Amino acid sequence: MSGRDLFCEPRRIRRGAALTLVFASVLVAGAATGSFSDAGRGPRTPGSPDVRSTPAAHHEDVTAAAAEAMADGKSPMEAAERAVSRSGDRWGAVYSQGEYEEFEEALDGQYTGVGLSARRERDGRIEVTRVRAGSPAAGAGIREGDRLRSVDGEKVDGRPVTEVVSLLRGDADDAAAGTEVSLGLERGTREWTETLRRARLSTDPVTVHRLPGGVVVIKVAAFTKGVGDRVRTAVTQAPSEAGMVLDLRGNSGGLVSEAVTAASAFLDGGLVATYDVDGRQRALHAESGGDTARPLVALVDGGTMSAAELLTGALQDRGRAVVVGSRTFGKGSVQMPSRLPDGSVAELTVGHYRTPSGRGVDGRGITPDLEADKQSLERAETVLSGLGDAR
């Protein structure tokens, strides 16, 4: 198995729903979106380790446990999970071969679903917030503002959005594209049921819009394949006089290489982060030629995780952006995968990353320059007006 840098979200949860449930910050924004990890995939970041450089004892224990269980006719995955748990690796996880394949597809921005985004209201209702054009949900006439009452007969009111996502995707049954899912819906006084067929869809992790005052907002939901270049394109296409907001709220991470490319949109080369593997220091650098003059605010919250924290820390430490919002999640460890005898995959922690000034993120998060809650975007506009005057 080829080596990869993994800067990942917490994933030690019930197997089967893992690839959906762990990325709650993404899923709250899009109830039928896929799952994302911070797996840096080939071509690897220059200087990134290969799988042979991971802590030998840790990997050997997990591999040996899986091999022994397989020889005894027991579940290698369950044995590997127990070994990971005993190791104290809080971010370690074990995936079946199928789960890992789905995981890798999600890194390419693909997922199986019906094309709905949803949120849970304060009263527990699940409300549709977006319907993706061309999706099964759009074809059935489902609209923004409709209430989702049930999925395959199971009531969803009061349930976490992540559980609703798992039902929509059919994770418990490893549902594939083409399988049916029945949705109970409500619009005003009307109640009805729609039976949809799940489809392979593409995520839309980058959205760009302009506020009435001229500020350009780039919202990045996750760093899947191609996102870094899309951020750079958005920056170059924005009016030269416009201030900019990089909205990383709810961003659960993604491909580290894409986060570094996104950093290159705002930096003229230089250090983005350092990380250690087996005590050996590595460095990630931005490319030269980024826009260093435009006023920039980065919006963050408790759902800003991992590779998104790496980017935030770089922009903050380099003095490139004012960070507004609330403390970030605090996921700054490095995982790498290894293949187990039965084809499943163990991801084990091998190190931690630091911001350019040497700050550790794991368990701490990043503290914003300016605290803001619900009015964070308005606060960002105010900050940008001051930065613009100072130029």
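The values are calculated or read from the model by the stated rules, or taken from the named source; none is laboratory data. Computed from a predicted structure; not experimentally measured. With ideal geometry, Cβ positions are generated from the backbone for all residues, glycine too; neighbour counts draw on all protein chains shown. When the accessible area is computed, the model is the full protein with side chains, heavy atoms only, and any ligands, DNA or RNA have been set aside. Shrake-Rupley method; radii C 1.70, N 1.55, O 1.52, S 1.80 Å.
Does L185 satisfy the condition of being of a type in the set (A, V, I, L, M), in contact with a strand residue (DSSP E or B) (Cβ under 9 Å, 6 or more places away or on another chain), surrounded by 18 or more Cβ atoms within 10 Å (Cβ to Cβ) and under 30 Å from P337 (Cβ atoms)? Write out each step before concluding.
Details: of a type in the set (A, V, I, L, M): yes; in contact with a strand residue (DSSP E or B) (Cβ under 9 Å, 6 or more places away or on another chain): yes; surrounded by 18 or more Cβ atoms within 10 Å (Cβ to Cβ): yes; under 30 Å from P337 (Cβ atoms): no.
Spelling it out, it is not the case that L185 is of a type in the set (A, V, I, L, M), in contact with a strand residue (DSSP E or B) (Cβ under 9 Å, 6 or more places away or on another chain), surrounded by 18 or more Cβ atoms within 10 Å (Cβ to Cβ) and under 30 Å from P337 (Cβ atoms).
Within segment 282-300, is there a residue that is in a loop (DSSP other than H, G, I, E, B), hydrophobic (A, V, I, L, M, F, W, C) and farther than 30 Å from E102 by Cβ? So that I can check it myself, show each step before the final result.
Let us first name the residues in segment 282-300 that are in a loop (DSSP other than H, G, I, E, B), namely 287-295.
With hydrophobic (A, V, I, L, M, F, W, C) added as a condition, the list becomes 293.
After this cut, where a residue has to be farther than 30 Å from E102 by Cβ as well, the list is 293.
Checked segment 282-300: at least one residue is in a loop (DSSP other than H, G, I, E, B), hydrophobic (A, V, I, L, M, F, W, C) and farther than 30 Å from E102 by Cβ.
Kindly establish whether A262 is crowded, with 24+ Cβ neighbours inside 10 Å, closer than 20 Å to V235 by Cβ and either at pLDDT 95 or above or hydrophobic (A, V, I, L, M, F, W, C) (or both). Spell out the reasoning first.
On the way: crowded, with 24+ Cβ neighbours inside 10 Å: yes; closer than 20 Å to V235 by Cβ: yes; either at pLDDT 95 or above or hydrophobic (A, V, I, L, M, F, W, C) (or both): yes.
Yes.
Tally the residues that are assigned to a helix (DSSP H, G or I), in contact (Cβ under 8 Å) with a residue 12 or more places away in the chain, more than 16 Å from T304 (Cα to Cα) and open to solvent by 10 Å² or more (accessible area, probe 1.4 Å), restricting the search to segment 344-383.
Of the residues in that region, 3 qualify.
Go over the candidates T207, T129, T193 one by one and state the one that is hydroxyl-bearing (S, T, Y), under 15 Å from V114 (Cβ atoms), modelled with pLDDT of 90 or more and not in a helix (DSSP H, G or I). Give the derivation first.
On the way: T207 fails: under 15 Å from V114 (Cβ atoms); T129 fails: modelled with pLDDT of 90 or more.
That would be T193, the only listed residue that is hydroxyl-bearing (S, T, Y), under 15 Å from V114 (Cβ atoms), modelled with pLDDT of 90 or more and not in a helix (DSSP H, G or I).
Residues in segment 323-330: is at least one surrounded by 24 or more Cβ atoms within 10 Å (Cβ to Cβ), in contact with a strand residue (DSSP E or B) (Cβ under 8 Å, 6 or more places away or on another chain) and in a loop (DSSP other than H, G, I, E, B)?
Yes, some residue in segment 323-330 is surrounded by 24 or more Cβ atoms within 10 Å (Cβ to Cβ), in contact with a strand residue (DSSP E or B) (Cβ under 8 Å, 6 or more places away or on another chain) and in a loop (DSSP other than H, G, I, E, B).
Residues checked against (1) buried (at least 20 other Cβ atoms within 10 Å of the Cβ); (2) more than 28 Å from A372 (Cβ to Cβ):
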{"site": "L211", "(1), (2)": "no, no"}
{"site": "K225", "(1), (2)": "no, yes"}
{"site": "F266", "(1), (2)": "yes, no"}
{"site": "L271", "(1), (2)": "no, no"}
{"site": "G289", "(1), (2)": "no, yes"}
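Only one of these conditions is not met by T312: (1) under 20 Å from L370 (Cα atoms); (2) of a type in the set (S, T, N, Q); (3) in a loop (DSSP other than H, G, I, E, B). Which number is it?
Status for T312: all satisfied but (3).
Yes or no: R169 over 25 Å from G250 (Cα atoms) and touching a Lys or Arg at 6+ places or on another chain (Cβ under 9 Å)?
Details: over 25 Å from G250 (Cα atoms): no; touching a Lys or Arg at 6+ places or on another chain (Cβ under 9 Å): yes.
Answer is no for this residue.
Out of all the residues in segment 58-80, which are out of contact with any Ser or Thr (no Cβ under 9 Å at 6 or more places or on another chain) and not in a loop (DSSP other than H, G, I, E, B)? Lay out the reasoning, then the answer.
Let us first name the residues in segment 58-80 that are out of contact with any Ser or Thr (no Cβ under 9 Å at 6 or more places or on another chain), namely 60, 64-65, 67-68, 70-75, 78-79.
E60, A64, A65, A67, E68, M70, A71, E78, A79, listed by residue number.
Within segment 163-176, count every residue that is in contact with a Leu (Cβ under 9 Å, 6 or more places away or on another chain) and farther than 19 Å from S117 by Cβ.
Matching residues across segment 163-176 total 0.
I'd like the full set of residues that are crowded, with 20+ Cβ neighbours inside 10 Å, out of contact with any Lys or Arg (no Cβ under 6 Å at 6 or more places or on another chain), modelled with pLDDT of 95 or more and not in a loop (DSSP other than H, G, I, E, B), limited to segment 236-257.
V245, L246
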